[in-house]
Amino acid sequence: MRSFFQEFEKDDDGSIIRCKMHDIVHDVAQYLSKNECCLIGVQDFREQSRNALCDKARQLRLMVRGSGTFPIPFCSFKKLRSLLIECDFVGSKLIGKVIPKLFDELTALKALGISKAYIEHIPKEIGKLIHLRYLDLSNNQNLKKLPETLCELYNLQTLKLDRCENLKKLPRGIGKLINLRHLMNWGTDSLRYMPKGMERLIYLRTLNEFHLNGGDYGGKACSVECLNNFRHIESLCIKGLIMSAKVIDENIAQLKNNGNIRDLRLDFFHASFNSSNNDEVILEAFEPPPNLQELTIKYYGGPTMSTLRRMTSLTNLRSITLSDCRKCLHMPPLGKLPSLETLSIWKMYSVFKVGNEFLGVESGEASSSSSSIIYFPKLKTLLFHVMVEWEVWDFGNDNCTIMPSLRSLYIYRCSKLKGLPKKLLQMAPLQNLEICSCDILEEVYSKGQGDKWQDISHIPDIQIGRG
């Protein structure tokens, strides 16, 4: 109301994700916080500035480069509440030696980030930071385990472990973090199971990767049943859907009862990409949450995805990504989804033709009734990437409306595709068309020379070529 912040940009949930600050207000904010918010490099530390900084600093970004001497007086930053540490590979050796001392002294910290630091372990002294709400350990590729003392941080609300690729397991006592809201662990591919006790984290809203196991870890692992405890979860990825289909489908069907899930990813990763009967059974049992907005299905090994037809009741579903479904022979029937705006198809290697099955036209559906249906009514962006066997894209001659809102079409590495459907090019208000690494398309739609250039010449922004 006082115009400190302006031009708010909100996401679909109404949360503010970006805004602007007037230049004068920005200058005032910088002036008032100059002794509280500091950016310091180890080699730039000045003896004469220590006292002022140590007395008032509340937020510190520490950048450690090379093999300089670490300034121990940092530990006397008694008012420090937020500390972000970044270092290169050489600097990680230095920071690894002083972190225990930092944890001993800076016990009032509420936010701590040690990302991109190449550290191999977190010292047990981290358990002394009992006021910590936010802990970022992401992008530490050498990190293999976390200390059990981390589970004593009862006030912790956010734990970021993104791209800790060699992290083998989470601490056994993770269930003690009863206030945890966000466990962000994209790219933790070395994790093989979630520890027993996670079912106690009933206030979780974000769980980027819930790793299932095939029963190899006995009583150490949290079972798939604990997913039913996460009643507040908003963003969830279930990874490793290779267990007994009976065990999985009974629990994945329960997702339909969770009205808070907005973003869901089903990852059917296999050691090989052979088709799996379990995949078909699991997808058949899947009933999506009623308020779902984004859905990703990856590494599905079945030949069809026809069960996705029943998602037409999802009025909030705006984005779908299907990736590495390499054995799928046909496109899923998605044309009747009422609110779908973005659709991305990656690496469906076995699809030869895209036709009416993509629209969701039933085999016995009369042509007169189908003509009154608008297929993909709100789709704005459509992407196809690496469809190596795809040759034909044809919706037939039915008098129906297809993709009347489509503005952007991207086709990459579909080398056998022979052409784009004329009906789509005539109906859709396309503003952007990109064709890359598609030999036949690049030839027939070549500007001014291709046989079909006139079909696309009306589109304002066209990019054709290898890029």
Residue-by-residue Karplus 3J(HN,Hα) for segment 377-388, coefficients 6.51, -1.76, 1.60, Hz, glycine and proline x: x, 10, 5, 10, 10, 10, 10, 10, 9, 6, 10, 6
Computed FRET efficiency, Cβ-Cβ of Glu389 and Gln59, R0 56 Å: what is it to the nearest 0.05? 0.55
Residue by residue through segment 161-170, what is 3J(HN,Hα) from phi via Karplus (6.51 cos²θ - 1.76 cosθ + 1.60, θ = phi - 60°)? Round to whole Hz and write x for glycine and proline. 10, 3, 6, 8, 5, 10, 5, 7, 7, 8
Note down the accessible area of Asp136, probe 1.4 Å, to the nearest 10 Å². 20 Å²
Students sometimes get this wrong: rank Lys78, Lys97 by accessible area, probe 1.4 Å, all chains present, largest first. Lys97, Lys78
Lys and Arg at +1, Asp and Glu at -1: neighbours of Ser313 with Cβ under 14 Å from its Cβ sum to +3
Backbone HN-Hα couplings from phi across segment 311-320 [Karplus 6.51/-1.76/1.60, Hz, Gly and Pro as x]: 7, 5, 7, 7, 7, 9, 6, 10, 9, 10
For a test of the definition: using alpha carbon positions, the gyration tensor, and the 1.5 limit on a/c, classify segment 277-339 as rounded, prolate or oblate. prolate
Classify segment 306-418 from the C-alpha gyration tensor, please: rounded if a/c falls under 1.5, else prolate or oblate depending on whether a/b exceeds b/c. prolate
Cα→Cβ-extended label distance, 7 Å offset, between Asp461 and Lys378, nm: 2.2 nm
How much of Tyr203 can a 1.4 Å solvent probe reach, expressed as accessible area in Å² and rounded to 10? 100 Å²
Determine the order of Tyr118, Tyr31 by accessible area, beginning with the largest, at a probe radius of 1.4 Å. Tyr31, Tyr118
Charge dipole magnitude, Cβ of K and R +1, D and E -1 - segment 303-354, Cα centre, debye nearest 20: 160 debye
For a quick check: with amide H placed at 1.01 Å from N, whose amide H comes under 5 Å from Leu84's, ignoring anything fewer than 5 positions away on the same chain? Leu60, Arg61, Leu62, Gly113
State whether segment 379-467 is rounded, prolate or oblate according to the following rule on the C-alpha gyration tensor (a ≥ b ≥ c being the square roots of its eigenvalues): a/c under 1.5 gives rounded; otherwise a/b larger than b/c gives prolate, and the remaining case gives oblate. rounded
Neighbourhood charge, 13 Å Cβ-Cβ cut-off, centred on Trp346 and excluding it, Lys, Arg +1 and Asp, Glu -1: +3
Accessible surface, 1.4 Å probe, highest first, among residues Lys116, Lys347: Lys116, Lys347
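The values are calculated or read from the model by the stated rules, or taken from the named source; none is laboratory data. Please read these numbers as outputs of a predicted model, since none were measured by experiment. Cβ: placed from backbone, ideal geometry, glycine included. Neighbour counts: every protein chain shown. The area values use the complete protein model at the heavy-atom level, side chains included, leaving out ligands, DNA and RNA. Shrake-Rupley method; radii C 1.70, N 1.55, O 1.52, S 1.80 Å.
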